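First comes the structure, then the notes that go with it.
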Amino acid sequence: METKSIEIQPSNSIPSSQKVIELRPADITFFIIMNLALLTAIAIPIYAFITKRKRASFGFKPPLKSICHCCQYFSDNSYLKCAIHPLTVMTEESADCRSYSPSI
């Protein structure tokens with residue numbers, strides 16, 4: 001008859017397939033810094049793309065130098081905003097309007 005040997009391991013030992021990897025504080029710090037660098041490298045182009053797209057969609061224009069809002073001939077009618085100068089109302093040309101008359 002053949003005899004088989006059985007290996008007995010102490011109860012506090014861990015099999016080689018289940019060993020825990022020990023990380024040093026320097027390894028953890030390096031891992032955190034690399035993750036932050038990667039996230040930053042991804043986030044900056046996304047942020048730049050979004051803000052550029054927002055600026056383009058809003059069509060930012062500097063405020064017009066128009067005095068039409070205070071003129072008595074100006075109305076909020078979408079069809080005819082100014083009875084005297086309908087083509088130049090609310091444009092930069094209206095800044096020197098000769099027909100300007102302040103509303104009282």
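The values are calculated or read from the model by the stated rules, or taken from the named source; none is laboratory data. Note that this is a predicted model, so its numbers are computed, not measured. A quick note on method: Cβ atoms are made from the backbone with ideal geometry, for glycine too, and the neighbour counts reach across all protein chains shown.
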Of the residues that sit in region 48-104 and are modelled with pLDDT of 80 or more and among the basic types (Lys, Arg), which one is surrounded by the fewest Cβ atoms within 10 Å (Cβ to Cβ)?
-> ARG98
Determine the pairs where a residue that is within 16 Å of SER103 (Cα to Cα) and outside the structural domain of PRO102 (by TED's automatic domain parsing), located within region 71-91, has a partner that is of a type outside the set (Lys, Arg) and surrounded by 14 or more Cβ atoms within 10 Å (Cβ to Cβ) with Cβ atoms under 6 Å apart, the partner being 6 or more residues away or on another chain.
-> none
